[in-house]
Every structure is written in C-alpha cells, then in structure tokens.
Amino acid sequence: MMDSRMMDTLILSDLHLGSEVSRAREATELLANINFRRLVLLGDIFSDLNFRRLTSEHWKFLSRIRKLSNPKRKVEVVWVEGNHDRGLSQIMSHLVGVPVYQRYVWEYQGMRHVAVHGHQFDGLCAKNDFWPRVGERLLYTLQQIEGRQKRLSRLIDRMNTSWLRMESRVAEGALLYARAGRVQRIFCGHTHVATHIQRHGVDYYNSGSWIDANPTYLTIDEEGVQIRHYEGTKYDYEPAQPLPIEDLAPLGDLLEPSPAFSDYESVPA
C-alpha cells in the first residue's frame, strides 16, 4: 500500500543480491510504495562477484534503482560501498546511473549527517577479509541446500554477529569517528542489526538488513530518524539460478550504460 508521506531520506543496506536469503522482491516493493527525496544504498547491495547468482527479482531491484536515478524523478540516489561490493560497485554504478562513495555526507535541518557502511570499524574485516569470505562461501552452500524458510542460515548469521561482537565494535568506532568529525548523526550497515545509540551528542543508527525474515530500513524527515520494519507482503526466498537470455529481455534498460551523473560531486574518503 502506498505511503503518501514524503520522507527526506530513505536508507537501506545489506541486501546481498546474489544470496539465497536476499529479500530483493520486498525491497523493490518498498521503493515503489514510499515517497522520498534521497535514497542512500548503504553498502553490501551485492553478496559477491558472481553475477550468475542474481535472480530475476535481483535484476528487477537494480532496474528500479536505474529508474529512480533518472533526473526526471528528482530523487537523489547514492551508493555507499560496502565490503561485499568491492570490485562491483563502480561497474554497477554506471549501469544503474548512481555515484559511489566510501562515505557520504549531507546537511539536513542544520545537522551534519554521514553514511559509511561500517566495515571500516570492524577490525577483523578491515585487516583481512579472507576468513569472512570463507565463511560467506560456507553460508551460501548451506543456503542452497536449505528449504525455503532458510531458518538455519538466518540463525547462523545472527549468532555470528553476536559471537564476534560486531555490533558493539562498529557502533563504538562509528561514534568516535562522528565525534571527531563533529557529525551529529552517523549511519551504518554491515552488522545486520537495526540499532540506535545516542552518546556525547552523537546519534548512531544502523539500518539492519534485507536478508532476515523481518527486513528493516531507516527514514529521515522533519520528525527525526526512524527505524522501520518492512510491513508489506513477505515472499518465499527465491533460489538463485542462471537466467536464460530471453528472461533478460524485460531488463534491457540495464544493459545500456547510463548517462554520466555529472550533477554529483564525490566526497573524499
């Protein structure tokens, strides 16, 4: 159902396109049924470099982003690179017509906002991503042999976040980073846990993920920042499989490079 309110900013992260547990169909419906002036894709939009794992619903999400980036829509769309996006973000940004940042900064209601995926504050991931990649491979294999509900995969993902103390590390690092930069609000993803922490005049928000049974996202408007749960239709997870060429025909707009996005100015990392 369409939400008639106009949000200044919508933030979603950790969609993990190509993963068996991606809620791409729900995310596409959200973008079609909520009004916003700015969309921040806060990292890990992809799961890995294997495009053959993208399903038809995953391509439809990218097609929706392409349409939103059309200047006629008057929506600012930006992509903040996550650790899983590395090697893909620049390529896909040209296909869907959005700029990519290591961090993105903007002003709203007299406050400075910064969006950064959050893996920069995760010591294990920042130092060496070999073991995290191995873990992802094993988890993906499990997802393939599980049933439609993917309960064990989602449980392992939550346990992994808790065991590694990922959420607390990212939150602490983000709060220190924001305070040093005199930022009032900082937004991260990476941990898959929707969170709000306020400390020393800084608000830290985590947007959660779109791989769980209850996807979450953030909205910013005149009333402040809200952590929201997706309340639309829930669908079964779609098994990833190569798409026949004929199935790509409706997605042809993604196969032509997007016009250059000269209206954006990159923010240094």
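Please treat every number below as a calculation from the coordinates, not as lab data. Only a predicted model underlies this, so the values are computations on that prediction, with no experimental measurement involved. Here the Cβ is made from the backbone with ideal geometry for all residues, glycine too, and neighbour counts use every protein chain on show.
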How far, in nm, would the chain grow between Arg5 and Gln102 when pulled straight, counting 0.36 nm per residue and subtracting the alpha carbon separation?
31.9 nm
Taking the Cβ of Gly201 as the center, what net charge do the other residues with Cβ under 11 Å away carry, scoring Lys and Arg +1 and Asp and Glu -1?
+3
For the residue pair Ser168 and Lys234, what label-to-label distance in nm results when each label sits 7 Å from Cα along the Cα-to-beta-carbon direction?
3.0
Charge context of Asp85, other residues only, Cβ under 10 angstrom, K/R +1, D/E -1
-2
Residues Ser4, Ser69 in order from fewest to most other beta-carbon atoms within 10 Å are Ser4, Ser69
So how do His196, His94 line up by other beta-carbon neighbours within 10 Å, fewest first?
His196, His94
Quick one: which of 33-39, 70-76, 186-192, 212-218 comes out on top by average Cβ neighbours within 10 Å, and what's the full order, highest first?
186-192, 212-218, 33-39, 70-76
Express in nm, to one decimal, how much length is gained between Glu222 and Asn70 on full extension, taking 0.36 nm for each residue of separation and deducting their alpha carbon distance.
52.2 nm
Could you give the radius of gyration (one decimal) and Dmax (whole number) of the Cα atoms in the stretch 5-96, in Å?
12.4, 37
Point-to-point label distance, Met111-Gln90, nm (Cα→Cβ direction, 7 Å offset)
3.5
